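Student: Can you keep this structure in mind? I'll have questions shortly.
The values are calculated or read from the model by the stated rules, or taken from the named source; none is laboratory data. The shown structure was predicted, so the numbers you read here are calculated from the model rather than taken from an experiment. Every residue, glycine among them, receives a Cβ derived from its backbone with ideal geometry; neighbour counts consider all protein chains shown. In case anyone asks, the SASA skips ligands and DNA or RNA and just uses the protein heavy atoms, side chains included. Shrake-Rupley method; radii C 1.70, N 1.55, O 1.52, S 1.80 Å.
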Amino acid sequence: MSRQSVVRGLVLVSALSLAACGGPPQEEIQAAESAVSEARAAGADRYASEAYGKAEETLAQANAEVEVQKGKFVLMRSYGRSKQLLRQAAADAGTAKTEAAAGRVQARGEAEATIASARTALDAAIAAVASAPAGKDSRGDLQIMKGDLEALKGILSQAEAAQGSEDYATALERAGKVRQESEAISADVASALRKTQRS
């Protein structure tokens, strides 16, 4: 075998080796995608939205870089930047998952407190309407308020159900609505009573 043939053979083997290494970094891609999925499952999209958004953005950048490299001639591909971005995406997802756990605890506490204050406000509004004098002019308004209070009882039940299923964002939103509207009804009754007393 001539020296030229040996050199050609070595060049061919080197080229084939490089081509074999020229594929996308599947292991890193799967690890990053799995980490982002786990963070989402942990509620990071809701309870750590900023960190989760960063992880998703980094993963998208990594995938875009992989596609750029795949479009190049085999011997010109380099997945170094892709791997770096994929590792960063996995790390960002881990941070998001950790923050989500803390955010969930905080949201649960806020939802519990808001439900308790909503219940108190609703009970106070019910008592205020029940004790309000039902004159000829106010009878219609009181009936409307009683209907509103029945609706608020239903919304509070929805908030409690959401709390039970760990949907703290919904629980907080519904309980906040009940508290706000109950306080408004109590204020309306108090205002009407003051007007009655002055007349």
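Student: Search the stretch 152-199 for residues being small (G, A, S) and under 16 Å from A130 (Cα atoms), and hand back the single one that is least open to solvent (accessible area, probe 1.4 Å). Before the answer, list the steps.
Tutor: Initial filter on the stretch 152-199 (small (G, A, S)): 154, 157, 159, 161-162, 164-165, 169, 171, 175-176, 182, 184, 186-187, 190-192, 199.
Checking the rest, the ones that are also under 16 Å from A130 (Cα atoms) come to 182, 184, 186-187, 190-192.
On the way: S182: 0, A184: 48, S186: 32, A187: 54, A190: 39, S191: 39, A192: 54 Å².
Among those that are small (G, A, S) and under 16 Å from A130 (Cα atoms), it is S182.
Student: Quick check on the stretch 1-35: of everything there that is out of contact with any Leu (no Cβ under 8 Å at 6 or more places or on another chain) and outside any helix (DSSP H, G or I), which residue is modelled with the lowest pLDDT? Spell out how you get there, then give the answer.
Tutor: Taking the stretch 1-35 as the starting set, the residues that turn out to be out of contact with any Leu (no Cβ under 8 Å at 6 or more places or on another chain) are 1-14, 16-17, 20-21, 23-24, 26-27, 30, 34-35.
Adding the requirement that they be outside any helix (DSSP H, G or I) leaves 1-2, 21, 23-24.
Numbers: M1: 54, S2: 56, C21: 49, G23: 84, P24: 91.
Of everything passing the filter in the stretch 1-35, C21 is modelled with the lowest pLDDT.
Student: On to the next question. With closer than 26 Å to E112 by Cα and either modelled with pLDDT of 90 or more or assigned to a helix (DSSP H, G or I) (or both) as the only criterion, which of L172, L142 stands out?
Tutor: Working: L142 fails: closer than 26 Å to E112 by Cα.
One residue alone meets the criteria, L172.
Student: So which residues in the stretch 108-136 are of a type in the set (S, T, N, Q) and within 17 Å of L152 (Cα to Cα)? Break it down stepwise before answering.
Tutor: Filtering the stretch 108-136 for residues of a type in the set (S, T, N, Q) gives 114, 117, 120, 131.
The answer is T114, S117, T120.
Student: Here's a follow-up. Only one residue in S131, S182 is free of Cβ contacts under 8 Å to residues at least 40 places away in the same chain and either on the phi > 0 side of the Ramachandran plot or among the polar types (S, T, N, Q) (or both), so which one is that? Walk me through it before giving the result.
Tutor: On the way: S182 fails: free of Cβ contacts under 8 Å to residues at least 40 places away in the same chain.
Residue meeting the stated conditions: S131.
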